[in-house]
Every structure is written in C-alpha cells, then in structure tokens.
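These notes concern the structure reproduced below.
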Amino acid sequence: MPLYRDEAVVLRTHKLGEADRIVTLLTRHHGRVRAVARGVRRTTSRWGSRLEPFTHVDLQLAEGRNLDTITQAETLTPFGAGMGIDYDRYTAGTVMLETAERFVVEEKEPAVQQFLLLVGGLRAMATGQRAPGHVLDSYLLRSLAVAGYAPTFEHCAGCGIEGPHRYFNNSSGGVLCVTCRIPGSATPAPATLLLLGALLTGDWPEVERLTTTEPRSEREASGLVAAYLSWHLERDLRSLPYVERGRPRRVQV
C-alpha cells in the first residue's frame, strides 16, 4: 500500500473491534481523513495516547480502499493537556473540533486554511491567555469566513452602504440598513456589532475594552455567532449547548 506523511489534528475517535480505533483527522495537505489505528486500545500500545482528540500529530499513513491505516504517530503539540484542566476550555475546544469537521466535508480534499486556523485556535485556547468564549467566537467567525460565509458588521449586506447599521440577519449575511431590513432581523446593541467585528479581525485590545465597558455585549455577540453558524451549517452543533455563557470570564495561565 502506498505510504504518505502529513501533520494532523485529531478531531474524534471511536472504537473498532476489540483493540482498534477509527480516528477522524484534519490534515494539513489531505483535508479530512478517516484512518484505522491498530491496537491503540491495548495497554501495551506505545502511541495510543498520541491519537486522542485535540492532539496535533505528525503521521505516516498507508492508503486503503475505504480507510487509511496509521503506521506511525509522533506528537507535535499535546493541546489536550491544556484543555483537560479547565471545563470552559474543554467544551469550547470541542466545539472547535466539531466545527472543523463540519466545514471540511469531502474526504481527502485539501483544506489548508481550515487546518491552520484550527491549530492556531487550539493553541490560543490551550494557553489560557484569553477568555475561552472570546477565542471560540473568534474562531467560529474566522472559520465561517474561510468557508465563504464571512458576515459583514460594517457595510449593509444588501446594498453595501457603509454603517453603522442597526439590524442583523443571518440569511442576508450580516448587518442591514433601514431600507434593506428584512422582517425578523435581530436588533443588536451597537457595542455588540463592534465586538463581533473585533472578534472577526482579531482586534484583542478592542475585544477587552468592549467586554469590560459593555459586558452585556458579550452574551449577545455569542448568541448571534451561534445562530449565524447554525444557519450556514443548516443544523445545530451537538457540542455547543455544553458551552456555558454569561459567567464571569476566567483567564488562566
């Protein structure tokens, strides 16, 4: 069987037989890959722990007819170590893994930007230097942008006129002016739209300023991000309800 190497992030695993696992990966050059890891559930396995969710690994794989087979695995970054010690980080990180898998639909279809975004997001989440909710919402907005669904928070999604605008609509792709407003559009606070724009661009000083001076904008922004994501994925994420919103922000190092 032909062999190939790639780096990957483990998205999820499930059992196969008595000792094996099927591992779903987002790889740098081959996109989403499902592969069998033989014998990793045995206590004598030397590299089973390297194939747990959140782990950034360097792999050698053998191509198969239906599933590839992992023949070597070396840990590059054990992001799970930083996730497991904090509930907020872990649940937010789980949403990131599920989002990456949902946006990279076709197997073996390269998705370099989504891979790099996921690695960067997990690194930021694992360090604990920023609030988990902020990292998650920023990641979700950027993942949507990479997938071609970038929302607009400044210019009207209907006519393109520059804002600020008051209305937000998922189906239209962002804010709407009074003329383009669609019935059922949300009317978020001005600070919320500023926060969403800062999260999308990674303007962290502005994120900190807004969440400090306008604390209510944080919950409203998270709700809009979740609704916008669900609209474009056409169904809710299973892991998102476990993310707790509206609690005091906890930043751990």
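Which whole-number value in Å² is the accessible area per residue of the chain, probe 1.4 Å?
50
Report the label-to-label distance for R38 and R216 in nanometres (one decimal), using points 7 Å from each Cα along the Cα→Cβ vector.
Reported label-point gap for R38 and R216 is 6.2 nm.
Can you give me the angle between helix 132-146 and the longest principal axis of the chain, using Cα atoms only, in degrees from 0 to 90, rounded to the nearest 10?
Approximately 90 degrees, to the nearest ten.
Report the charge-dipole magnitude of the chain in Debye, nearest 20, computed about the Cα centre from +1 at each Lys and Arg Cβ and -1 at each Asp and Glu Cβ.
600
Could you please report the charge total around A157, scoring K, R as +1 and D, E as -1 over all other residues with beta-carbon less than 15 angstrom from its beta-carbon?
0
Using only the alpha carbons, work out the radius of gyration and Dmax of segment 102-253 in angstrom.
Spelled out, the Cα radius of gyration and Dmax of segment 102-253 are 15.5, 47 Å.
In degrees, nearest 10, range 0 to 90: what is the angle between the Cα axis of helix 216-233 and the longest Cα principal axis of the chain?
It works out to around 60 degrees.
Helix 204-213 sits at what angle to the longest principal axis of the chain, using alpha carbons and giving 0 to 90 degrees rounded to 10?
Helix 204-213 sits at roughly 50 degrees to that axis.
The values are calculated or read from the model by the stated rules, or taken from the named source; none is laboratory data. The model shown is predicted, which means the values in this text are computed figures rather than measured ones. When we count neighbours, we look across all protein chains shown, and the Cβ atoms used for this are built from the backbone with ideal geometry, even at glycine. Surface accessibility is based on the protein's heavy atoms, side chains included, excluding ligands, DNA and RNA. Shrake-Rupley method; radii C 1.70, N 1.55, O 1.52, S 1.80 Å.
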